[in-house]
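Notes follow once the structure below has been shown.
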Amino acid sequence: MDHNEPYLHEHEQLPFVPAIDDIKPHVLIGATGSPGTFTQEVVEHMSRINNRPTIFALSNPTSRAECTAEQAYVWSEGRVIFASGSPFGTVEYNGHFFKPGQGNNAYIFPGIGLGAVVCHAKLITDEMFLIAARTLAGLVSESDMKAGAVYPPLTDSRNISRRIAKAIVEHAYENKLAQLPRPDSIEELINNYMYDPSY
């Protein structure tokens, strides 16, 4: 597929660990559904070639993850940038507490959907996904990063969705994708539309 071409390597086929040593990737993304794919040897080799190896064990459910958060932190001596598809609890390593992030579409899809619905967007474009990703990245705090998290806490999902929706609605109006008249306050429009489950 054409979209994969920038990531292709002209290379002989190698087993996993020798390929890591030869190609020297910065990031491993696990979407295999095969637990244990990212072994201690794999994480240690990634840690030898990267000061901050990035390992995303994204397979669901937790029992299918390529490695656990604890394994990633321990085997990398606390240097890994880790995210998983399923939640893992806080990991303590050498007196430091790491809060692994959950790489999950629950961060972006609700905000994109909310934004598209409130302005009656004609289309949901690729650009909207980039806007949502950049908005999400801007919500990661310094304290999140110090704790090893590459995502803000999922417990802040309402605010995350609100902020992403605002960015999507602004983009829709700027690019003539919105089918409703522009409101005086985009934030108020979004806040009024969001369901509040409190009684």
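The values are calculated or read from the model by the stated rules, or taken from the named source; none is laboratory data. Computed from a prediction, not measured in an experiment: that's the story for all the values here. Virtual Cβ from ideal backbone geometry, glycine too; neighbours counted across all protein chains shown.
Structure values in brief
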| item | result |
| --- | --- |
| Restricting segment 68-102 to residues that are of a type in the set (S, T, N, Q) and under 14 Å from the mean Cα position of the chain (by Cα), the residue that is farthest from residue 151 (Cα to Cα) | 86 |
| Of all residues making up segment 116-130, the number that are on the phi < 0 side of the Ramachandran plot and surrounded by fewer than 19 Cβ atoms within 10 Å (Cβ to Cβ) | 9 |
| Residues of segment 1-27 classified as surrounded by 15 or more Cβ atoms within 10 Å (Cβ to Cβ) and either in contact with an Asp or Glu (Cβ under 8 Å, 6 or more places away or on another chain) or farther than 21 Å from residue 78 by Cβ (or both), total | 1 |
| Matching entry among 198, 157 (being surrounded by 13 or more Cβ atoms within 10 Å (Cβ to Cβ) and over 14 Å from residue 131 (Cβ atoms)) | 157 |
| Extreme residue, surrounded by the fewest Cβ atoms within 10 Å (Cβ to Cβ), among residues of segment 160-188 that are under 13 Å from residue 114 (Cβ atoms) and among the small types (Gly, Ala, Ser) | 167 |
| Evaluation of residue 145 against (1) exposed (fewer than 14 other Cβ atoms within 10 Å of the Cβ); (2) over 30 Å from residue 52 (Cβ atoms) (one fails), failing number | (2) |
| Whichever residue in segment 43-67 is surrounded by fewer than 22 Cβ atoms within 10 Å (Cβ to Cβ) and among the β-branched types (Val, Ile, Thr) and, among such residues, is farthest from the chain's Cα centre (by Cα) | 49 |
| Long-range neighbours under 7 Å by Cβ, at least six apart or interchain, first residue more than 20 Å from residue 59 (Cβ to Cβ) within segment 5-34, second among the aliphatic types (A, V, I, L, M) and exposed (fewer than 12 other Cβ atoms within 10 Å of the Cβ) | 9/23; 11/23 |
| Scan of segment 119-155 for residues that are small (Gly, Ala, Ser) and modelled with pLDDT of 90 or more, ordered by number | 121, 132, 133, 137, 138, 141 |
| Per-region count, segment 74-115, residues among the aliphatic types (A, V, I, L, M), crowded, with 21+ Cβ neighbours inside 10 Å and not in a strand (DSSP E or B) | 2 |
